[in-house]
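This report concerns only the one structure given below.
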Amino acid sequence: MTTAQPRTDLDVQPTPLALLLLGREADPASERGVDCPGDLPSPSDPDLVARARAAKEKLGDKVFVLGHHYQRDEVIQFADVTGDSFKLARDAAARPEAEYIVFCGVHFMAESADILTSDEQKVVLPDLAAGCSMADMATAEQVAECWDVLSEAGVADQVVPVAYMNSSADIKAFTGKHGGTICTSSNAERALEWAFEQGQDPATTKILFLPDQHLGRNTAVRDLGMSLEDCVVYNPHKPNGGLTAERLRDARMILWRGHCSVHGRFSLESVEDVRARVPGVNVLVHPECKHEVVAAADLVGSTEYIIKTLEAAPRGSKWAIGTELNLVRRLANRFAEEDKEIVFLDRTVCFCSTMNRIDLPHLVWTLESLAEGTLVNRIEVDKETEDFAKLALERMLALP
Ligand code: SF4
């Protein structure tokens, strides 16, 4: 559970859905958090860059700006450090002198930063409506209900939960409470191996993988050599998850029915199409993609792996990348001088729309508010949730 400051009243009262789409409102029942207050500067203000720079300079070492890889260029230019969510949270913890951590990312990332930073550090999300559709797909109530289903099927004591970093603090806490660990897209294989060793009998131990079914399936099948039949999908919108007790007893991987709306868009046709369009292309995708996409790709890995692979790629090589478009475009520009051809895997535009809610007006408003001494959009995880979530994160840090 997180808390945030109360909103200011708006002069007009558009519908909640319209406000949500505009990034000026939020759904309190979702990962998007709570209302987003603020008198934002106009996006057409020609002084936005100068204003952000001035406010950041005024704050000095008191502020540390984190920029997730999928953020817009207009925001990334103000980031003190860029990276994936876990790296950024650790970078923030390593800067204790920074009183304000401005997280240009989405809600669950700001929660993770709050969990890993000291009590004196205040984590701020420039737009509280920047959630994550994948994290939204597993709520605390749904996961508690799932555990009841597993108990009734007589398998709960054989199940070790593993939660992907891309989950709310509540889900991380659930995982910590039930003896499980967190994983990232870089260490999912080690996390699953560890989890299977935790059960009394590794042969009968099962993993409940939350909330991304694709990362769970890809890791189990591609890295650990399991079969697709070893995996079942728990659908929280169906009675008993849509599974019989027998199916649950036979399964080794119980995959939560969640996915990333960005990576889930890539298809086998995208891979076949790009191979026909760009002869000699290497297809490199993120493990949040569907299993058939991962199976058809040449290489699979996290955003950090994708960046390192392109850095090490020979001149003249060709790459089709299956991850978020802001990052792919930045990489294409960066490596163009080295004669590396980098294209987006899909023909259609595929930004993370919630990440894109963090724009220059929100960043300017946040930095100027902080510079004036007004703390806005703080993301704060309650103590009990934080303690259990930290337990799960610490298990991940201790992975061999
Ligand atoms: S890219 Fe996917 S997983 Fe990442 S924040 Fe966006 S919706 Fe969530």
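Derivation of every value follows stated rules applied to the coordinates shown; laboratory data play no part. It should be emphasised that the depicted structure is a prediction, and the values quoted were computed from it without experimental measurement. Quick reminder, even Gly has a Cβ in these numbers, built from the backbone with ideal geometry, and neighbours come from all protein chains shown.
Count charges around residue 68 for me, please; just the other residues with Cβ under 10 Å from its Cβ, Lys/Arg as +1, Asp/Glu as -1.
Numbers: positive: 87; negative: 84, 324.
Cβ neighbours under 10 Å give a net charge of -1.
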Listed residue (393, 41, 204) projecting farthest to the positive dipole end of the chain, Cβ model: 204
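List the GluC sites (Glu not before Pro) within the stretch 39-140 that fall in a DSSP loop (any state other than H, G, I, E or B) and whose Cβ has at most 11 other Cβ atoms within 10 Å.
On the way: sites: 57, 74, 97, 99, 111, 120; in loops: 97, 99, 120.
Within the stretch 39-140, the qualifying GluC sites (Glu not before Pro) (loop, at most 11 other Cβ atoms within 10 Å) are 97, 120.
Based on DSSP, what percent of beta bridges with both residues in the stretch 135-261 are antiparallel, to the nearest 5? Don't jump to the answer; show the numbers that get you there.
Numbers: 0 of 15 bridges.
In the stretch 135-261, approximately 0 percent of DSSP beta bridges are antiparallel ones.
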Phi-based couplings in Hz for the stretch 56-62 (Karplus 6.51, -1.76, 1.60; Gly and Pro marked x): 5, 5, 4, 6, x, 6, 5
Amide H contacts under 5 Å for residue 233, placed H, 5+ residues apart: 255
Average Cα contact separation per residue, the stretch 135-261, under 8 Å, 6 or more apart, as relative contact order %: 29
Radius 12 Å from Cβ of residue 343, net charge of other residues (Lys, Arg +1; Asp, Glu -1): +3
Antiparallel bridge percentage (DSSP; both residues within the chain; nearest 5): 10
Other-chain or far-sequence residues with amide H under 5 Å of residue 352's (modelled H): 325, 326
Packing-based exposure ordering (other Cβ within 10 Å, fewest first) of 290, 177, 172, 308: 308, 177, 290, 172
Low-density loop positions, GluC sites (Glu not before Pro), the stretch 319-388 - DSSP coil, at most 12 other Cβ in 10 Å: 337, 372
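What dipole magnitude, in Debye to the nearest 20, does the chain give about its Cα centre under +1 on Lys/Arg Cβ and -1 on Asp/Glu Cβ?
Numbers: 41 positive and 63 negative charges, 184 e Å.
Result for the chain is approximately 880 debye, rounded to the nearest 20.
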Selected from 242, 83, 67 as most flexible by GNM, with the chain as the system and alpha-carbon contacts under 10 Å: 242
Gaussian network model of the chain, springs between alpha carbon atoms under 10 Å - residue of 96, 41, 314 with greatest fluctuation: 314
Karplus (6.51, -1.76, 1.60) ³J(HN,Hα), θ = phi - 60°, over the stretch 218-223, in Hz, Gly and Pro reported as x: 4, 5, 5, 7, 6, 9
Theoretical gain in end-to-end length, residue 397 to residue 152 [0.36 nm per residue, Cα-Cα removed]: 85.0 nm
Amide hydrogen neighbours beyond the local backbone of residue 377, cut-off 5 Å, H modeled: 5
Mean separation of Cα contacts under 8 Å (6+ apart) over length of the chain, as relative contact order %: 22
